[in-house]
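**Student:** Structure provided below as structure tokens; questions to follow.
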Amino acid sequence: MEEKQHKRRVHYSGKYPKKFEEKYKEQNPEKYADTVAHVISKGSTPAGMHISIMVKEILDFLNIQPGQQGLDCTLGYGGHTRKMLEQLKGDGCIYGLDVDPIESKKTVERLRSFGYTEDNFRFRLINFAEIDKVSEEAGKFDFVLADLGVSSMQIDDPERGFSYKIDGPLDLRLDPEHGESAAERLHAITKEEFIGMMVENSDEPYAQEIADKVFSLMKKGDPMDTTTALRAAIENALWKLPKEEKDQAIKKSCARVFQALRIDVNSEFEVLYKFLEKLPGILNPGGRVAILTFHSGEDRLVKKSFKELYKAGVYSDVASDVIRPSAEECRLNPRSKSTKMRWAIKS
């Protein structure tokens, strides 16, 4: 029998590793708590980890009681789910949903390692636009959470193509096993459609200039299939800006363009609209829902839905204004700065 060759674990190539796959300490937070705590104290998010946002505000509003049934529509790293499970004190159940087959598998294993079994935590690999199908199986829910942000694990992994800061394939799919990648999408649409996408999805002020440059490069044979290729095109499009404002403008435009593509590739507005439409039907009377949004387009949809359904008597109460993370949370976790929370209570 052939002896299996031992594969050495990837080690740091220095004190401060640059490659995602070298940061194994940060990707194993339970084992390397000191390393993780040090990274967080500097206002950074450990590689491969996600810091849950506005946990106290969410728990204060949801007011979870033992014996209730809840739904986390976007499981992600599982931080919110774990805190909500703690509130149940072993009596009750939470369903967790996600479309990402890569990260959700790790999260389910992590939650199982904490002792949460099928009795109190059940995972379904499904888009939260299909909450009605989950409710057909599970019944109605007493509390629901939807965190609409992209998880830090996805952003930090270069193979997923979510960040313009790291070289990788221009993918941006939450479920990389289905649908078109962002690169494929760019080659399938017209320049006018790309301009409209940037304006509608992220209010990009330089949409025309960026589209002109991207499509000019693609016409010359540039495949525009990596994150760095798109970033370089954006930088090239804005090179005439005054020196004192160029760097910041490029950084903001990169973030907005990647956001616009991600929203389009994952049909995020359409998914959110379906979710909001089906939401009242899966809530028990008095059921509570909290939604975290991260840009104005999402927040407008949530605000409009809650307001209209409150007027119709479907909700007995809704948030009169957004709730934002504290200054201390924003300091410790800069990725929380754009977060807005809205809530509603079923009549």
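The values are calculated or read from the model by the stated rules, or taken from the named source; none is laboratory data. Nothing here was measured: the structure is a model prediction, and the numbers come from that model. Cβ placement follows ideal geometry from the backbone for every residue including glycine, while neighbour counts extend to all protein chains displayed. Heads up: the accessible areas ignore ligands, DNA and RNA and are worked out on the full protein's heavy atoms, side chains in. Shrake-Rupley method; radii C 1.70, N 1.55, O 1.52, S 1.80 Å.
**Student:** Could you please give the count of residues in the stretch 267-278 that are in contact (Cβ under 8 Å) with a residue 60 or more places away in the chain and surrounded by fewer than 22 Cβ atoms within 10 Å (Cβ to Cβ)?
**Tutor:** Residues that pass the stated criteria total 6.
**Student:** Still on this structure: Among all residue pairs at least 6 apart or on different chains, which show Cβ distances below 6 Å where the first residue, located in the stretch 253-266, is modelled with pLDDT of 90 or more and the second is of a type in the set (F, W, Y)?
**Tutor:** Listed pairs, sorted by first residue: S253/Y206; C254/Y164; F258/Y164.
**Student:** If we scan the stretch 128-143, do we find a residue that is farther than 19 Å from L276 by Cα and assigned to a strand (DSSP E or B)?
**Tutor:** no
**Student:** Right, next: Cβ-Cβ below 7 Å, separation at least six or inter-chain, first residue in the stretch 190-208 and at pLDDT 95 or above, second open to solvent by less than 70 Å² (accessible area, probe 1.4 Å) and among the aromatic types (F, W, Y): which pairs?
**Tutor:** Once the first residue is at pLDDT 95 or above and sits in the stretch 190-208, its partners that are open to solvent by less than 70 Å² (accessible area, probe 1.4 Å) and among the aromatic types (F, W, Y) give K191/F215.
**Student:** Could you list, in sequence order, all residues of the stretch 288-308 that are open to solvent by less than 40 Å² (accessible area, probe 1.4 Å) and in a helix (DSSP H, G or I)?
**Tutor:** G297, E298, D299, V302, S305, F306
**Student:** Please find, within the stretch 272-300, the residue that is nearest to S338 (Cα to Cα) out of those that are over 21 Å from the mean Cα position of the chain (by Cα) and not aliphatic (A, V, I, L, M).
**Tutor:** Among them, the one singled out is R288.
**Student:** A further question on this structure: Can you name the residue in the stretch 117-154 that is without any contact (Cβ under 8 Å) to a residue 40 or more places away in the chain and among the aliphatic types (A, V, I, L, M) and is also farthest from K346 (Cα to Cα) among such residues?
**Tutor:** Top of the filtered list is L125.
**Student:** For the stretch 54-77, give me the residue count where each residue is within 14 Å of V144 (Cα to Cα), in a loop (DSSP other than H, G, I, E, B) and open to solvent by less than 20 Å² (accessible area, probe 1.4 Å).
**Tutor:** 3
**Student:** If N284 meets every condition in (1) assigned to a helix (DSSP H, G or I); (2) in contact (Cβ under 8 Å) with a residue 60 or more places away in the chain apart from one, which number is that one?
**Tutor:** All conditions pass for N284, except number (1).
**Student:** In the stretch 162-213, which residue that is among the polar types (S, T, N, Q) and closer than 18 Å to K252 by Cα is most open to solvent (accessible area, probe 1.4 Å)?
**Tutor:** Q208
**Student:** From the residues in the stretch 32-43 that are part of a loop (DSSP other than H, G, I, E, B) and open to solvent by less than 50 Å² (accessible area, probe 1.4 Å), which one is modelled with the highest pLDDT?
**Tutor:** Y32
**Student:** Output the residues belonging to the stretch 78-120 that are outside any loop (DSSP other than H, G, I, E, B), within 21 Å of I282 (Cβ to Cβ), open to solvent by less than 40 Å² (accessible area, probe 1.4 Å) and not aromatic (F, W, Y).
**Tutor:** H80, T81, M84, L85, L88, C93, I94, G96, L97, D98, S104
**Student:** Collect the residues in the stretch 214-233 that are open to solvent by less than 20 Å² (accessible area, probe 1.4 Å) and either without any contact (Cβ under 8 Å) to a residue 40 or more places away in the chain or hydroxyl-bearing (S, T, Y) (or both), keeping them in residue-number order.
**Tutor:** Within the stretch 214-233, V214, T227, A233 meet the criteria.
**Student:** Of the residues T81, T74, only one is within 24 Å of F162 (Cα to Cα) and modelled with pLDDT under 95; which?
**Tutor:** T74
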